[in-house]
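First up is the structure itself, then whatever we jot down about it.
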Amino acid sequence: MRNIFWILLLFTNCLFAQTNDYIVDALVSPKKQEQVITVGGINADIQDFTNEAIQIAVDALPLEGGTVMMNPGQFKMSAPVRLRSNIKLIGSGHETILKRIDGFHSRFIVDADFGELRITVEDPTGFKTGMSIQVTNNRYNECWDVTTGVITDIIDSILYFDTYLIRDYNCEQNGVVTNAGSCVSAIGIENVHISNFTIDGNKEKNDLLDGCNGGGVAILKSQDITVEKVHVQNFNGEGITWQITENITIKNCEINGCTNMGLHPGSGSPKSLIAGNNSHHNKVGLYICWRVQHSLVKNNQFHHNKECGINTGHKDSDVTFDNNHIYENGGNGVCFRNEDSKNSPHRNTFINNIVENNGTENGEYGFSFYGKAMNVILKNNTIRDTKNGSQKAGIFIDKNTPAIQLENNKISGHSLGKLINGD
């Protein structure tokens with residue numbers, strides 16, 4: 001018995017000492033540093049200035065994540081950088097430029113059918129392996145009818161790619177393959193930070209890219225993504241688009257010169273934070289598409305867009321718009337689309353915004369309400385025309401639209417008055 005006692009005592013002491021060693025190691029050992037891979041230039045880990053170089057860095061990071069740091073310089077973008085979860089993609093400011101290569105397109109001459117991974121084109125000369133593609137025809141040419149992907153091989157006139165075709169594309173209906181594509185994409189991932197660089201879409205030499213499937217930055221079926229201090233300019237399509245997402249933050253970005261929407265949340269994207277951005281000289285400054293709910297739009301500028309500053313509609317409920325400056329857009333400052341009662345954007349609140357001098361191309365209004373949205377509040381806003389009278393009235397309310405709750409707004413300078421009702 002005495003021998004067993006001493007053995008147990010010795011074992012207990014060893015175990016206690018070992019536990020203390022673990023505690024000491026935890027206190028003394030430094031935290032494991034996040035891996036950083038640099039791209040671009042002779043001193044970088046990966047020296048080339050291409051999307052392939054950035055992609056190599058992304059793919060080289062461990063599963064727990066890390067940072068890809070892009071040095072100053074112009075990167076040639078023939079396909080999007082496809083991010084993974086837990087990664088930071090960071091540039092060196094305005095001097096880091098991701099620029100789309102020149103566009104190319106061709107008719108396809110054999111029907112491209114659902115589920116295929118190949119397409120036969122009339123002219124393959126401008127396509128290369130690793131290049132992005134978009135497939136459309138007259139019947140299927142927008143939103144979820146468009147196929148996008150990346151070319152994996154080219155044999156004679158056949159392009160092989162990495163995405164199954166999602167429709168039956170009849171070649172006789174103006175079937176076209178183009179190399180249009182995003183610059184950065186986040187698809188089916190989480191916990192990503194994208195920041196501090198410029199995207200140049202080279203729109204004069206690129207075909208239009210569909211906004212549900214791509215843009216300067218395209219986020220799809222993802223969550224907890226932040227885009228910060230990214231400047232998207234001159235994109236033939238949309239600046240930043242996010243679809244089927246949750247907890248997306250877009251802040252302190254500039255989006256200008258895009259032929260479609262500057263910012264485009266939609267297709268079920270609750271809990272979006274859109275803050276401190278400058279969206280101008282696009283088609284629309286902020287196009288809130290379908291089911292963007294419980295979100296905040298704060299401290300942004302939406303101005304000099306061809307159509308309206310902000311456009312909202314289908315089930316886009318419970319959104320607060322706070323302290324935005326919406327001015328000198330071609331159409332309405334803010335437009336509520338015409339939706340029936342079950343699909344209208346209910347319970348939206350506009351507070352402390354300045355909405356002025358809109359309608360520069362079409363002679364529209366500060367706020368224009370169509371549809372059946374309920375419990376909409378306008379509070380403490382400044383709505384005015386101080387220039388050429390293009391903003392005809394502060395608020396237009398269609399005859400079928402429920403009453404808007406107005407509290408302490410300052411409305412002035414309109415030729416048709418503060419508020420008019422449609423016939």
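The values are calculated or read from the model by the stated rules, or taken from the named source; none is laboratory data. These numbers were taken from a predicted model, which means no experiment stands behind them. Note that each Cβ is placed from the backbone with ideal geometry, even for glycine, and that neighbours are counted across all protein chains shown.
Could you tell me which residue of segment 61-91 is nearest to Lys221 (Cα to Cα), considering only residues that are of a type in the set (S, T, N, Q) and surrounded by 16 or more Cβ atoms within 10 Å (Cβ to Cβ)?
Ser85
Is it the case that Asn353 is more than 22 Å from Asn236 (Cα to Cα) and either touching an Asp or Glu at 6+ places or on another chain (Cβ under 7 Å) or in contact (Cβ under 8 Å) with a residue 24 or more places away in the chain (or both)?
Answer is yes for this residue.
Quick one: which strands (runs of 3 or more DSSP E) sit completely within segment 235-282 and have at least 1 residues that are of a type in the set (A, V, I, L, M, F, W, C)?
Result: 240-243, 246-251, 254-256, 261-266, 273-275.
Could you please let me know if Leu406 is at pLDDT 95 or above, out of contact with any Asp or Glu (no Cβ under 8 Å at 6 or more places or on another chain) and either within 22 Å of His294 (Cα to Cα) or not assigned by TED's automatic domain parsing to the domain that holds Ser279 (or both)?
yes
Among the candidates Ile383, Ile420, Ile397, which residue alone is at pLDDT below 95 and surrounded by 13 or more Cβ atoms within 10 Å (Cβ to Cβ)?
Ile420
Would you check if Ile42 is under 21 Å from Thr226 (Cβ atoms) and at pLDDT 95 or above?
It is false that Ile42 is under 21 Å from Thr226 (Cβ atoms) and at pLDDT 95 or above.
Would you be able to say whether some residue in segment 112-122 is on the phi > 0 side of the Ramachandran plot and outside any strand (DSSP E or B)?
yes
Only residues that are closer than 10 Å to Asn311 by Cα and either aliphatic (A, V, I, L, M) or touching a helix residue (DSSP H, G or I) at 6+ places or on another chain (Cβ under 9 Å) (or both): list them for segment 325-339, please.
Of everything in segment 325-339, just one residue is closer than 10 Å to Asn311 by Cα and either aliphatic (A, V, I, L, M) or touching a helix residue (DSSP H, G or I) at 6+ places or on another chain (Cβ under 9 Å) (or both), namely Val334.
Residue check, Thr241 against (1) over 18 Å from Ser132 (Cα atoms); (2) buried (at least 20 other Cβ atoms within 10 Å of the Cβ), all met but one. Which one?
Every listed condition holds for Thr241 apart from (1).
Kindly establish whether Ile411 is among the β-branched types (Val, Ile, Thr), outside any loop (DSSP other than H, G, I, E, B) and closer than 19 Å to Glu307 by Cβ.
Against the criterion (among the β-branched types (Val, Ile, Thr), outside any loop (DSSP other than H, G, I, E, B) and closer than 19 Å to Glu307 by Cβ), Ile411 does not qualify.
From Gly130, Gly149, grab the single residue that is of a type outside the set (D, E, K, R) and surrounded by fewer than 17 Cβ atoms within 10 Å (Cβ to Cβ).
Gly130
Answer yes or no as to whether Val227 is under 23 Å from Asp102 (Cα atoms) and in a strand (DSSP E or B).
The answer is no for Val227.
I'd like the residue in segment 194-231 that is in contact (Cβ under 8 Å) with a residue 40 or more places away in the chain and of a type in the set (Asp, Glu) and, out of all such residues, is surrounded by the most Cβ atoms within 10 Å (Cβ to Cβ).
Asp210
Could you go through segment 342-353 and let me know if any residue there is over 16 Å from the mean Cα position of the chain (by Cα), β-branched (Val, Ile, Thr) and over 23 Å from Lys399 (Cα atoms).
Yes, that holds for at least one residue.
Quick one: would you say Tyr160 is over 22 Å from Phe75 (Cβ atoms), in a strand (DSSP E or B), out of contact with any helix residue (DSSP H, G or I) (no Cβ under 7 Å at 6 or more places or on another chain) and of a type in the set (Phe, Trp, Tyr)?
yes
Quick test for you: out of Ala393, Ala403, pick the one residue that is touching a residue at least 24 places away in the same chain (Cβ under 8 Å), over 17 Å from Asn311 (Cα atoms) and touching a strand residue (DSSP E or B) at 6+ places or on another chain (Cβ under 9 Å).
Sole residue among the options that is touching a residue at least 24 places away in the same chain (Cβ under 8 Å), over 17 Å from Asn311 (Cα atoms) and touching a strand residue (DSSP E or B) at 6+ places or on another chain (Cβ under 9 Å): Ala393.
Would you pick out the residues in segment 157-193 that are polar (S, T, N, Q) and without any contact (Cβ under 8 Å) to a residue 60 or more places away in the chain?
Ser157, Thr163, Asn170, Gln173
Mind listing whichever residues of segment 42-70 are touching a strand residue (DSSP E or B) at 6+ places or on another chain (Cβ under 6 Å) and either farther than 24 Å from Glu190 by Cα or among the basic types (Lys, Arg) (or both)?
Across segment 42-70, the qualifying residues are Ala44, Asp45, Ile46, Phe49, Thr50.
All but one of (1) in contact with a His (Cβ under 8 Å, 6 or more places away or on another chain); (2) part of a helix (DSSP H, G or I) hold for Trp144, so report the exception by its number.
Single failed check for Trp144: (1).
Give me the residue from segment 92-127 that is surrounded by fewer than 18 Cβ atoms within 10 Å (Cβ to Cβ) and among the hydrophobic types (A, V, I, L, M, F, W, C) and, out of that set, nearest to Asp200 (Cα to Cα).
Leu117
If Gly130 passes every condition in (1) in contact (Cβ under 8 Å) with a residue 60 or more places away in the chain; (2) not assigned by TED's automatic domain parsing to the domain that holds Leu159 but one, which one does it miss?
The number of the failed condition is (2).
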